[in-house]
Amino acid sequence: MGLFRRRKRAAPASRDRAADRADLDHLENFVRTRKGVEAYIEPRTTVTETTIMLIADDGEWTRRRVGGPDEARRWAHRIAIPIYDVRLMGYPQRMRDYNERRKRRPELF
């Protein structure tokens with residue numbers, strides 16, 4: 001009869017929008033205008049798609065959506081910047097230091 005049988009639902013899709021050309025343009029501009037930029041792949045969650053975080057040598061950072069981890073790696077290799085998986089490496093201390101400086105002196109940023 002199946003009154004108490006539950007249907008299995010597919011994994012929920014992210015509620016975030018997909019990556020677009022404007023996202024990649026922003027990332028490329030960040031790389032062109034900063035020194036020592038490294039990329040960090042952030043995994044897809046139930047709220048956001050896969051993102052890539054770029055962190056400059058002074059700790060300044062930006063984050064945008066990408067089509068997936070493979071696309072992020074191809075993009076970083078094309079731009080010739082190092083790329084890491086944030087789940088394996090974590091975020092660099094310089095990014096945390098930059099965030100602290102922004103909290104203490106927001107008028108400078």
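The values are calculated or read from the model by the stated rules, or taken from the named source; none is laboratory data. Quantities reported herein were computed from a predicted structural model and do not represent experimental measurements. Note that each Cβ is placed from the backbone with ideal geometry, even for glycine, and that neighbours are counted across all protein chains shown.
Observations on the structure shown:
- Contact annotation: no residue pair with Cβ atoms under 7 Å, 6 or more positions apart or on different chains, pairs a residue in the stretch 20-35 that is over 14 Å from Ala76 (Cβ atoms) and touching a residue at least 60 places away in the same chain (Cβ under 8 Å) with a partner that is surrounded by fewer than 10 Cβ atoms within 10 Å (Cβ to Cβ) and of a type in the set (D, E, K, R).
- Number of positions in the stretch 89-102 that are without any contact (Cβ under 8 Å) to a residue 12 or more places away in the chain, among the charged types (D, E, K, R) and closer than 20 Å to Thr51 by Cβ: 1
- Positions within the stretch 58-89 being over 18 Å from Asn99 (Cα atoms), among the small types (Gly, Ala, Ser) and not in a helix (DSSP H, G or I), in sequence order: Gly67, Gly68, Ala80
- Residue tally, condition within 19 Å of Arg102 (Cβ to Cβ), surrounded by fewer than 19 Cβ atoms within 10 Å (Cβ to Cβ) and of a type outside the set (Lys, Arg), over the stretch 31-52: 2
- Residue list for the stretch 90-109, restricted to those being over 15 Å from Thr62 (Cα atoms) and polar (S, T, N, Q): Gln93
- Residue under evaluation Ile55, criteria (1) surrounded by 15 or more Cβ atoms within 10 Å (Cβ to Cβ); (2) touching a residue at least 40 places away in the same chain (Cβ under 8 Å); (3) over 20 Å from Glu100 (Cα atoms); (4) not hydroxyl-bearing (Ser, Thr, Tyr), criterion not met: (3)
A quick yes/no check of all residues on (1) under 30 Å from Leu108 (Cβ atoms); (2) within 13 Å of the chain's Cα centre (by Cα); (3) at pLDDT 95 or above:
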site	(1), (2), (3)
Arg7	no, no, no
Leu24	yes, yes, no
Gly36	yes, no, yes
Glu42	yes, yes, yes
Leu54	yes, yes, yes
His77	no, no, yes
Ile81	yes, no, yes
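Residues are listed down the side, and each one gets a yes or a no for (1) under 18 Å from Glu28 (Cα atoms); (2) in contact (Cβ under 8 Å) with a residue 60 or more places away in the chain; (3) of a type in the set (Val, Ile, Thr); (4) touching a Ser or Thr at 6+ places or on another chain (Cβ under 6 Å):
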position	(1), (2), (3), (4)
Val47	no, no, yes, no
Thr50	yes, no, yes, no
Glu60	yes, no, no, no
Arg74	yes, no, no, no
Arg78	yes, no, no, no
Arg87	no, no, no, no
Arg104	no, no, no, no
Glu107	no, no, no, no
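- Matching option when the condition is assigned to a helix (DSSP H, G or I) and out of contact with any Lys or Arg (no Cβ under 9 Å at 6 or more places or on another chain), among Asp23, Asp97: Asp97
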